[in-house]
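The values are calculated or read from the model by the stated rules, or taken from the named source; none is laboratory data. Predicted model, so just to flag it, every value in this text is computed and none were measured. With ideal geometry, Cβ positions are generated from the backbone for all residues, glycine too; neighbour counts draw on all protein chains shown. Only protein heavy atoms, including side chains, enter the accessible area calculation; ligands, DNA and RNA are left aside. Shrake-Rupley method; radii C 1.70, N 1.55, O 1.52, S 1.80 Å.
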Amino acid sequence: MTPKKLVILGAGESGIGSAILGQKKGFDVFVSDSGTIKNKYKSVLYENGIRWEEKQHTEAEILSADLVMKSPGIPEKVPLVQKLLEKGIPVISEIEFAGRYTRAKTICITGSNGKTTTTLLIYDMMKRAGLNVGVAGNMGKSFAWQVAEEEFDLYVIELSSFQLDGMYEFRADVAILLNITPDHLDRYDYKMQNYVNSKFRILQNQRPEDYFIYCADDENITSEIEDRDIHAQMIPFSIQNKLAFGAWIEDNELKVSINHNSFAMSIFDLALQGKHNMYNSMAAGLSGVVFRLRKEKIRQCLTDFQGVEHRLERFIRVHGIEFINDSKATNINSTWYALESMNTQVVWIVGGVDKGNDYSMLYDLVKAKVKAIVCLGKDNRKIIEAFSGMVKDVIDTDSMEEAVRNAYFLAGEGDTVLLSPACASFDLFQNYEERGQMFKQAVRNL
């Protein structure tokens with residue numbers, strides 16, 4: 001019997017992981033990337049005898065697939081993907097593909113902001129509790145690669161809207177929806193409802209024994225819940241209101257209560273400070289209670305978790321000026337949270353590839369907290385236009401070295417230099433990680 005043909009579009013971490021898993025499961029695997037494949041991934045393909053191509057997509061080869069795993073970075077609208085769909089060839093995400101070959105439990109986290117922090121917080125908590133757990137999604141080793149080579153009982157998975165778009169049969173045992181604010185609207189015909197629908201795919205296939213943990217303070221989430229038939233057990237969390245069930249803040253304590261299982265701790269003991277991190281800690285705490293972890297373990301993790309690189313990372317002090325790396329803030333809402341959590345005057349480094357940003361929601365925070373703005377990008381006109389007249393100094397730069405040097409001269413002792421770009425990174429950098437690393441190197445060079 002001829003093996004089924006699996007074509008993988010995109011040879012990044014998720015693509016190579018899917019190739020390894022596909023080959024293990026008996027598929028005839030072919031990997032195709034329109035760009036250049038990294039040498040470390042080429043080595044894996046060579047070692048496993050997997051066929052591949054780079055800098056092109058051979059249509060005849062791809063259109064003969066039985067199944068296609070598409071990288072989340074490739075839009076569904078591209079002509080090649082449309083041709084596959086017209087031929088009735090299933091096009092799925094890595095998460096969907098890998099999910100077919102594991103019986104492990106899954107905790108899945110999505111939202112416009114806070115996904116990575118919450119995912120790593122929950123992973124840390126489960127690991128400390130002694131569970132056999134893996135972490136996957138947009139970090140570390142791909143889910144498919146782990147399913148191929150590891151034997152975890154539980155996965156904590158960060159899911160972007162792009163990954164959710166390619167999921168059909170996959171089911172989350174615990175689904176967490178942190179927030180929904182405008183992001184990536186260029187991929188969703190600039191329609192907010194399309195983006196909301198994408199985020200709510202995290203609930204598909206859930207059963208009454210599953211859990212849906214969600215932010216009750218997010219109007220986009222709560223209004224959408226009213227229009228949906230949700231099968232899972234719903235657990236809300238809120239900073240704004242006291243709840244009888246779920247997680248909430250009362251008398252400066254974070255309180256969690258689910259089915260007579262409860263615990264509380266002071267919000268001042270949380271390792272991650274700021275309003276946004278309170279939400280992340282609540283979601284993590286609820287996950288711990290759902291999995292019946294000991295209260296001491298939950299409390300311990302929330303008290304001393306180390307945080308995430310490139311997300312409000314307090315990097316270093318130079319001559320009394322604190323430098324904070326928030327390169328992971330690729331949208332307006334992330335930057336809003338960053339500025340909201342600042343307690344000093346700020347020199348703000350902002351810019352990159354604008355995803356249709358509306359900067360007006362930052363005006364009040366900028367007026368209150370920002371003393372100077374350093375724009376970093378190839379085209380900063382929109383940012384300069386938005387904030388000129390609001391802040392005395394708005395500087396235009398197109399390199400990290402120049403941006404950091406200007407920020408350093410504009411800041412005074414006791415001030416903070418905050419890299420929180422509110423934009424994607426790929427005008428000047430490969431990704432937000434490279435942007436964050438170059439920021440830290442430029443600060444070291446001062």
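Tabulated data
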{"quantity": "Principal axis dimensions, the range 197-295 - Cα atoms, whole angstrom, descending", "calculated": "37, 27, 22"}
{"quantity": "Convex hull volume of the range 89-209 per residue (C-alpha atoms, cubic angstrom)", "calculated": "112"}
{"quantity": "Approximate shape of the range 85-133 as ellipsoid semi-axes (Cα gyration tensor, √5λ), whole Å, largest first", "calculated": "29, 16, 5"}
{"quantity": "Stokes-Einstein D (µm²/s) once Rh is taken as the Kirkwood radius of the chain over alpha-carbon pairs, at 37 °C in 0.692 mPa s", "calculated": "142"}
{"quantity": "Sorted largest first, extent of the range 127-174 alpha carbons per principal axis (Å)", "calculated": "32, 22, 19"}
{"quantity": "Those chymotrypsin sites (Phe, Trp or Tyr not before Pro) in the range 126-158 that DSSP places in a loop and that have at most 14 other beta carbons within 10 Å", "calculated": "none"}
{"quantity": "Glu413-Thr2 pseudo-label distance in nm [points 7 Å out on the Cα-to-Cβ vector]", "calculated": "7.7"}
{"quantity": "For the range 317-432, alpha-carbon Rg relative to the globular expectation (2.2 N^0.38 Å, N residues)", "calculated": "0.94"}
{"quantity": "Accessible area of the range 381-425 belonging to carbon and sulfur atoms, whole % at 1.4 Å probe", "calculated": "45"}
{"quantity": "Vicinal HN-Hα couplings computed from phi for the range 197-209 (Karplus, 6.51 cos²θ - 1.76 cosθ + 1.60; Hz; Gly/Pro x)", "calculated": "4, 4, 4, 6, 5, 4, 8, 4, 6, 5, 10, x, 7"}
{"quantity": "Charge dipole (the chain, unit charges on Cβ, about Cα centre) - positive-most of Ser360, Gln82, Trp52", "calculated": "Trp52"}
{"quantity": "Cβ charges +1 (Lys, Arg) and -1 (Asp, Glu), total dipole of the range 318-404, debye", "calculated": "180"}
{"quantity": "Charge dipole (the range 194-238, unit charges on Cβ, about Cα centre) - positive-most of Ser223, Ile213, Pro236", "calculated": "Ile213"}
{"quantity": "Rh by Kirkwood over Cα pairs, then Stokes-Einstein D for the range 1-138 at 0.692 mPa s and 37 °C, µm²/s", "calculated": "201"}
{"quantity": "Antiparallel DSSP beta bridges within the chain, as percent of all bridges there, nearest 5", "calculated": "25"}
{"quantity": "Fraction of accessible area attributable to carbon and sulfur, the range 197-262 (%, probe 1.4 Å)", "calculated": "39"}
{"quantity": "Long-range Cα-Cα pairs in the range 290-356 (distance over 18 Å), rounded percent", "calculated": "53"}
{"quantity": "Rg ratio (alpha-carbon, reference 2.2 N^0.38 Å) - the range 213-356", "calculated": "1.19"}
{"quantity": "Within the range 294-348, trypsin sites (Lys or Arg not before Pro) in DSSP loop having at most 14 other beta-carbon neighbours inside 10 Å", "calculated": "Arg294"}
{"quantity": "Whole-percent carbon and sulfur share, accessible surface of the range 79-153, 1.4 Å", "calculated": "47"}
{"quantity": "nm² value of the averaged projected area, convex hull over the Cα atoms of the range 247-313", "calculated": "4.4"}
{"quantity": "Within the chain: Cβ-based charge dipole about Cα centre, in debye rounded to nearest 20 (Lys, Arg +1; Asp, Glu -1)", "calculated": "740"}
{"quantity": "Total charge dipole magnitude, the range 81-126, about the Cα centre, Cβ charges on Lys, Arg, Asp, Glu only, Debye to nearest 20", "calculated": "140"}
{"quantity": "Residues whose placed amide H lies under 5 Å from that of Asn113, excluding near-sequence neighbours", "calculated": "Asn179"}
{"quantity": "Gln233 long-range amide H proximity, modeled H, under 5 Å", "calculated": "Asp210, Tyr211, Phe212"}
{"quantity": "Residue-normalised accessible area of the range 1-160, expressed per residue, 1.4 Å probe, Å²", "calculated": "42"}
{"quantity": "Rg(Cα) / (2.2 N^0.38 Å) computed for the range 367-442, rounded to two decimals", "calculated": "1.07"}
{"quantity": "Extension gain (nm, one decimal) between Val391 and Ala368, 0.36 nm per residue minus Cα-Cα", "calculated": "7.3 nm"}
{"quantity": "Distance (nanometres) between label positions extended 7 Å along Cα→Cβ at Asn445 and Gln193", "calculated": "5.0"}
{"quantity": "³J(HN,Hα), Karplus 6.51/-1.76/1.60, whole Hz, each residue of the range 230-235, x for Gly, Pro", "calculated": "9, 8, 6, 6, 8, 10"}
{"quantity": "Helical mean residue ellipticity (222 nm; -39500 (n - 2.57) per DSSP H run of 4+; nearest 500) of the chain", "calculated": "-10000 deg cm²/dmol"}
{"quantity": "Most mobile listed residue (Thr116, Thr344, Thr330) in the chain, GNM with C-alpha springs under 10 Å", "calculated": "Thr344"}
{"quantity": "Accessible area per residue in Å² at 1.4 Å probe, computed on the range 275-434", "calculated": "43"}
{"quantity": "The range 23-90 - convex hull of the alpha-carbon atoms, volume per residue in Å³", "calculated": "99"}
{"quantity": "Selection from Ile16, Gly130, Thr344, by position along the positive dipole direction of the chain (Cβ)", "calculated": "Gly130"}
{"quantity": "Low-density loop cleavage sites - chymotrypsin sites (Phe, Trp or Tyr not before Pro) in the range 188-256, where at most 14 other Cβ are within 10 Å (DSSP)", "calculated": "Tyr190, Phe245"}
